[in-house]
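Contents: one structure, followed by commentary.
The values are calculated or read from the model by the stated rules, or taken from the named source; none is laboratory data. The shown structure was predicted, so the numbers you read here are calculated from the model rather than taken from an experiment. Please note: Cβ atoms are built from the backbone with ideal geometry, for glycine as well, and neighbour counts cover all protein chains shown.
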């Protein structure tokens with residue numbers, strides 16, 4: 001890990017050192033932007049699980065606001081007792097990175113160490129709206145009842 005990415009790791013770790021709360025703030029992320037700046041995000045757990053926000057998503061939002069492409073991503077998990085672990089983004093965050101930072105590299109656990117992978121390697125078969133349409137995915141025409149792929153009185157399309 002080069003000096004710039006070591007700095008990201010240190011920054012994410014510092015965020016957790018300052019803000020860690022068991023079950024509430026357990027993950028921090030630091031993203032380096034192409035202009036050299038760094039943005040951070042913190043996991044914010046909610047009592048209604050779906051309302052929770054991942055650290056990578058929070059940091060990515062800050063990167064989008066900053067307006068500079070993301071080049072490197074580091075996420076850190078802190079366990080009760082203080083141990084820290086490099087952690088890869090969850091599937092939802094990997095999808096967001098694919099949409100908004102497709103050229104970034106992400107640090108993940110590899111064997112007994114860690115290393116960078118491209119965002120595309122996180123979810124090699126991720127869904128893309130344009131790819132699905134190009135592959136002939138069925139779309140429902142106007143007037144189609146909810147939950148149906150075909151309008152009333154139409155034949156069911158072959159898949």
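Here are the numbers for this structure:
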quantity: Selection count, the range 2-30, where residues are more than 20 Å from residue 69 (Cβ to Cβ), outside any helix (DSSP H, G or I) and either at pLDDT 85 or above or in contact with a strand residue (DSSP E or B) (Cβ under 7 Å, 6 or more places away or on another chain) (or both); calculated: 5
quantity: The range 14-28 residues that are on the phi < 0 side of the Ramachandran plot and buried (at least 18 other Cβ atoms within 10 Å of the Cβ), paired with ones that are assigned to a loop (DSSP other than H, G, I, E, B) and at pLDDT 75 or above (beta carbon under 6 Å, 6 or more apart); calculated: 25/43; 26/43; 27/43
quantity: Residue check, residue 131 over 21 Å from residue 2 (Cα atoms) and at pLDDT 90 or above; calculated: no
quantity: Subset of the range 69-90 that is surrounded by 16 or more Cβ atoms within 10 Å (Cβ to Cβ) and over 15 Å from the mean Cα position of the chain (by Cα) - its residue that is farthest from residue 16 (Cα to Cα); calculated: 84
quantity: Test: residue in the range 112-120 that is outside any strand (DSSP E or B), surrounded by 13 or more Cβ atoms within 10 Å (Cβ to Cβ) and either on the phi < 0 side of the Ramachandran plot or in contact with a strand residue (DSSP E or B) (Cβ under 8 Å, 6 or more places away or on another chain) (or both); calculated: yes
quantity: Within the range 31-61, tally of residues that are surrounded by fewer than 16 Cβ atoms within 10 Å (Cβ to Cβ), at pLDDT 90 or above and in a helix (DSSP H, G or I); calculated: 1
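So that you can scan it fast, the table gives a plain yes or no per residue for (1) assigned to a strand (DSSP E or B); (2) at pLDDT below 85; (3) in contact with a helix residue (DSSP H, G or I) (Cβ under 7 Å, 6 or more places away or on another chain):
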site	(1), (2), (3)
74	yes, no, yes
77	yes, yes, no
97	no, no, yes
125	no, yes, no
147	no, yes, no
150	no, yes, no
